[in-house]
Amino acid sequence: MNPAIFDYIIKMVCCVFAAGILIYVFYPSRDTDTGVVKTRTAYLYERKEVVYENLRDLSFEFKSGKFTQADYDGMRLGLEAEAARILAEIEMLESAKA
Amino acid sequence: MPLLGSFCLLFALALAGYCFVVGVVAAVRKDAIGYRLAETARRAGMASFFAVLVAAGALVYAALTDDFSVAYILHHSNRALPGPYKFAVLWSGQEGSILFWALLLSAYGFVLRLRHKVDQRLVAMASMVLAAIQIFFLILVNFVANPFGIMDRLASDGNGLNPLLQYPEMVIHPPMLYLGYVGVSVPFAFALAALIMRYPGEKWIHITRRWTMVAWLFLTFGISLGAHWAYAVLGWGGYWGWDPVENASLLPWLSTTAFLHSVMMQEKRGMMKVWNVWLIFITFMLSVLGTLLTRSGIVSSVHSFAQSSIGNWFSGFLAIIFVVCMVFYVRNRDHLRSENKLESLVSRESSFMFNNLLLLGACFAVLCGTLFPILSELVRDVKMNLGAPFYNKVMVPIGLSLIFLTGVGPLLAWRNTSVGSIKRNFAIPATAALVIEIVVGFVLYKNGVHFWADMGQMYAMMAFCLSTLVIATVTSEFIRGGIVWKNKLQTNLLAGIYQLSRRNMRRYGGYVVHFGVVLVVIGLAGAAFNQDKEQEIGKGDKVQIGSYTLIGEEYTDDDNANYSSQAALLEVYKDGKFLTRLNPEERFFKASGGQPVHIVANHSTLREDLYVVYEGRNPDTDHPIIKIIINPLVNWIWIGVLVIVLGTGMALVPNAAPVSVPLRSAVAVSQIDERGMQPAGAGK
């Protein structure tokens with residue numbers, strides 16, 4: 001192919017490519033969801049799930065025979081206390097909001 | 001094509017710049033207009049991937065069509081180069097490899113921005129951080145190391161690809177390593193974004209967990225492919241030489257490994273937040289440092305395929321990253337307060353903490369050793385290198401301690417472990433480790449190996465013992481958990497283990513990774529029992545090493561368009577019985593002025609490798625000089641890597657949904673929840 005014609009085609013490709021991308025970038029979005037600002041309460045709900053998960057893991061490991069009864073009781077109490085603290089704070093924040 | 005490539009690179013830079021600047025404006029505005037701007041910034045970030053992809057495609061096209069008007073193609077390719085290596089030209093030189101970095105970074109950014117619904121505000125901030133990194137690399141490829149530079153005169157053929165890179169693994173190794181290096185940009189972007197936003201909670205860790213594991217997997221695979229390449233091509237008989245560029249890839253691997261462990265403490269207990277954030281910052285900085293060491297030529301290495309002033313740019317970039325991280329850390333450090341404290345030294349938390357200290361200690365030692373030539377030149381004006389003895393002295397005890405923790409950690413409880421639980425969990429693994437140690441010691445003694453007289457062999461014996469401990473620990477974890485599920489579902493043990501693994505893929509995938517790691521360690525320990533011999537072998541000459549006898553049969557010379565070669569054909573006998581024929585070879589690549597490359601002949605079994613290298617010819621006798629090495633257990637390393645890949649793949653698979661199991665006996669409703677495994681009191 002004649003190099004001048006090839007150059008011309010490449011320049012045309014560059015223009016079409018750039019135009020396509022600019023249309024994609026600036027085409028108005030129908031999505032108006034602005035995303036949620038994460039609150040302390042949302043975080044506490046996440047934490048609560050984690051502590052429950054830890055309790056389930058602990059229970060499973062105890063059933064598999066990894067810990068003595070005394071170890072299991074001690075660890076369970078600690079996790080339950082942590083869960084209770086989180087639930088109390090959630091309750092406090094939600095009642096303040098209400 | 002160079003025109004299209006140059007245009008796309010400039011366009012990509014403009015798009016990344018828009019993504020960053022408008023992203024900052026949108027983050028400040030926080031209103032409806034701000035959101036619309038953020039959406040255009042997100043799309044611009046995604047579009048930058050297509051622009052860089054077209055540019056990379058243009059360079060590959062130029063290589064495949066032998067377009068020597070492009071300076072980069074002239075310097076790194078030639079007409080006789082086989083097709084796959086022409087594709088590899090993309091990352092074989094300075095300019096191309098930086099373009100490749102930019103391509104992978106924009107590809108990761110594309111996926112991240114595509115999945116923005118996971119948390120729009122956090123992803124928008126992370127996208128902005130990623131765009132800033134993209135800008136740096138796109139400035140480099142546009143203005144400092146442009147791969148589309150045009151030659152004044154058209155040459156008929158190119159200089160060819162570095163012969164050391166003309167090996168199948170070299171087509172895969174650099175992309176794997178780069179995917180790992182670049183992959184850590186994503187957790188870095190999320191960590192910095194979360195810190196800037198004072199993002200509450202650990203969700204950024206959940207989002208980036210898979211990204212981090214993927215980056216770690218690519219780093220692991222890339223490093224092991226590099227080790228295998230060194231073993232097969234460099235012809236010195238080893239796979240790891242503590243070369244600065246090898247070390248550069250190990251540094252982010254060590255810190256990512258530390259992060260993958262310590263992050264569990266943040267997820268489970270809300271601890272070590274500052275540590276984790278800095279670990280991921282450091283990991284990213286180390287990956288940039290790795291690129292700096294590989295590409296600048298500031299340290300001499302067999303892998304340094306470039307020497308240029310680009311190092312100054314990377315040094316500046318590293319300084320900027322450090323300052324930005326430090327500024328936001330100082331401003332928002334109160335946000336990273338721990339929610340719990342370490343309660344006991346005998347706990348899962350402390351095992352993770354020691355694991356992290358050891359991994360970072362190893363990282364620091366390797367970093368010091370790697371940078372020592374530069375530091376010594378600065379201080380004493382003499383370039384002093386720290387060789388393998390330094391690294392072995394430091395790294396072997398650290399490695400053994402890490403294996404010990406790998407065996408012990410899973411058996412410890414979170415918070416605190418009593419002596420009773422320790423006895424209960426350690427009796428079987430410790431006994432197994434001792435029995436195996438005694439058996440291995442006895443077998444070695446019967447074979448005339450006095451391991452107690454050699455420190456390296458003593459370390460190897462300790463490695464075998466600790467590896468057994470880990471294997472026993474991993475096995476006991478699977479069996480104990482499998483039995484619970486077996487009883488619960490009234491099925492067999494294998495089905496129980498399957499159910500167990502499917503319900504916690506991350507944890508049990510992690511155990512499979514640990515199993516792979518100990519296979520690698522066993523393979524590494526085998527190096528303490530190496531034997532080698534170098535000898536001139538004429539036709540019919542014999543050489544004895546261990547239980548092998550090698551007899552020279554024939555020598556050949558060959559020539560093709562790409563290289564000329566010399567080779568020897570050797571018959572191998574083991575314990576007097578014919579075993580195989582080996583054909584070690586040396587190639588001289590024409591386009592590179594006859595640079596020699598060894599093609600090693602290797603007879604490989606699980607027990608050992610018989611590794612034969614053609615070292616050249618004696619000019620007086622014209623007989624080949626052959627180097628023979630017996631490398632025990634090397635295959636365990638490659639098998640271990642495959643197991644690690646399998647385990648990481650497992651850990652990446654989402655957990656199966658909980659099963660509902662009909663109650664077979666009367667159980668108080670308060671003692672069981674709908675997920676079947678929740679203990680009493682969980683809902684309080």
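Here are the numbers for the structure shown:
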read-out	value
Accessible-area order (highest first, 1.4 angstrom probe) of the listed residues B:His173, B:His450	B:His450, B:His173
The range B:305-344: trypsin sites (Lys or Arg not before Pro) falling in loop per DSSP and having at most 11 other Cβ within 10 Å	B:Arg337, B:Lys341
Nearest-20 debye value, chain A charge dipole, Cβ charges on Lys, Arg, Asp, Glu	280 debye
In degrees, nearest ten, helix A:40-63 long axis to first principal axis of chain A (Cα)	60 degrees
Selection from B:Leu494, B:Phe515, B:Gln457 lying farthest towards where the dipole of the range B:389-531 points positive, charges on Cβ	B:Leu494
The range B:353-382 and the range B:162-221: distance between their alpha carbon centers, rounded to Å	23 Å
Tilt relative to chain A, helix A:3-26 - C-alpha long axis, 0 to 90 degrees, to 10	40 degrees
Net dipole in debye of the range B:529-635 [+1 Lys, Arg Cβ; -1 Asp, Glu Cβ; about Cα centre; nearest 20]	320 debye
Distance between the range B:233-273 and the range B:72-145 - C-alpha centres, whole angstrom	23 Å
Cα shape, the protein assembly as shown, gyration tensor, a/c 1.5 rule	oblate
Rg/Rg_globular for the range A:8-98, with Rg_globular taken as 2.2 N^0.38 Å and Rg from C-alpha atoms	2.17
Accessible-area ranking of B:Asp575, B:Asp67, B:Asp559, largest first, probe 1.4 Å	B:Asp575, B:Asp559, B:Asp67
Candidate residues B:Thr580, B:Thr473: accessible-area rank, largest first, probe 1.4 Å	B:Thr580, B:Thr473
Accessible-area value, B:Thr40, 1.4 Å probe, nucleic acids and ligands omitted, Å²	20 Å²
Reachable aspartates and glutamates from A:Lys66, criterion Cα separation under 18 angstrom, eight or more residues apart if same chain	A:Glu53, A:Asp57, B:Glu349, B:Glu477
Tail weight of P(r) past 43 Å, computed on alpha-carbon pairs of chain B, percent	33 percent
Point-charge dipole on Cβ atoms (K/R +1, D/E -1) for the range B:214-345, about Cα centre, debye to 20	380 debye
Total accessible area lost when B and A pair, probe 1.4 Å, Å² to nearest 100	4900 Å²
Relative contact order, percent, chain B [alpha-carbon distance under 8 Å, six or more residues apart]	10 percent
Charge dipole (the range B:163-366, unit charges on Cβ, about Cα centre) - positive-most of B:Ser185, B:Val274, B:Ala258	B:Val274
For chain A, with +1 on Lys and Arg beta carbons and -1 on Asp and Glu, the positive-most of A:Leu77, A:Ile10, A:Ser59 along the dipole	A:Ile10
Inter-chain Cβ neighbour average for residues A:48-58, partner chain, 10 Å	5
Once exposed loop GluC sites (Glu not before Pro) are cut out (DSSP; at most 16 other Cβ, 10 Å), longest piece of chain B	B:1-338
On Cα atoms only, tilt of A:69-97 relative to the major axis of chain A in degrees	60 degrees
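The values are calculated or read from the model by the stated rules, or taken from the named source; none is laboratory data. In this text the structure is predicted, and so the values were computed from the model without any measurement. When we count neighbours, we look across all protein chains shown, and the Cβ atoms used for this are built from the backbone with ideal geometry, even at glycine. With ligands, DNA and RNA removed, areas are computed over all heavy atoms of the protein, side chains included. Shrake-Rupley method; radii C 1.70, N 1.55, O 1.52, S 1.80 Å.
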